[in-house]
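Some notes on the structure that comes next.
Rule-based calculations on the coordinates, nothing more; no lab input. The shown structure was predicted, so the numbers you read here are calculated from the model rather than taken from an experiment. Positions of Cβ are generated from backbone atoms using ideal geometry, with glycine treated the same way; all protein chains shown enter the neighbour counts.
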């Protein structure tokens, strides 16, 4: 079953080269160079870093940020719109859904970027979000947490169903392991617990190839104080 999952999420090479947005440390991500005519990014979970969003504003992209755990973004920027809330599955003083956030900020638009690092809540948020809403995004950059739970039968299904929902209309174009945690190994399969996945909506892809090598030349370690490692071969 795990092998089947790994086949499902293997990254593909597309007609869009990857570019690095957000600098050379944590907060920088690889995305496809397909951001023309994108003017909006939604970015839940900012903590103390918003380099990615700051970089996007230099390209004229307005960024909607949300995080209940901080009072304001770490960088001042006129193209930032901050909401002191967590992303979740309900709407109240502390939480809001992705659907309601989009409706309040960009109701008549689509072709957004989503950059989401919400410490494990990503699974329930994706489950709760309609495919119609997910399809409003052209590019998704999501850090998935607890991926070593793929070795646990109960959690395997949760992770598998989350990815299959995304992969209906998106392809994986890049994976980068966060070097905060070393890979967990079992039966010849190595799973880094935290990994950043970049997805591109399928209608943007005209060419597909599989011969990728990792790390990508633009990949950088998330944390300089920890030993870095490449994406294990079983993932590509």
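Taking the centroid of alpha carbons for each part, segment 176-236 and segment 79-127 are 25 Å apart. What distance in nm separates the simple spin-label points at residue 234 and residue 133, each placed 7 Å from Cα in the Cβ direction? Label at residue 234, label at residue 133, 3.4 nm between them.
Under a Gaussian network description of the chain, with springs only between Cα atoms under 10 Å, the residue in 107, 73, 11 that fluctuates furthest is 107.
For residue 218 and residue 78, the FRET efficiency from 1/(1 + (r/R0)^6), where r spans their Cβ atoms and R0 equals 35 Å, is about 0.80. Using the rule -39500 (n - 2.57) for each DSSP H run of four or more residues, divided by the residues of the chain, the 222 nm mean residue ellipticity is -5500 deg cm²/dmol. Of all the options 226, 180, 86, the one that moves most in a Gaussian network model of the chain with Cα springs shorter than 10 angstrom is 226.
Dimensions of the chain from C-alpha coordinates, computed as largest minus smallest value along each principal axis and given longest first, are 48, 39, 36 Å.
Taking label positions 7 Å along the Cα-Cβ direction at both residue 186 and residue 33, the computed distance is 4.1 nm, reported to one decimal. With R₀ fixed at 45 Å, the C-beta to C-beta distance from residue 227 to residue 91 puts the FRET efficiency at about 0.60. Protection proxy ranking for 193-200, 125-132, using the average of other Cβ atoms within 10 Å per residue and placing the highest first: 193-200, 125-132. Shown is the FRET efficiency for residue 19 and residue 153, computed with R0 = 25 Å from the Cβ-Cβ distance and rounded to the nearest 0.05: 0.05.
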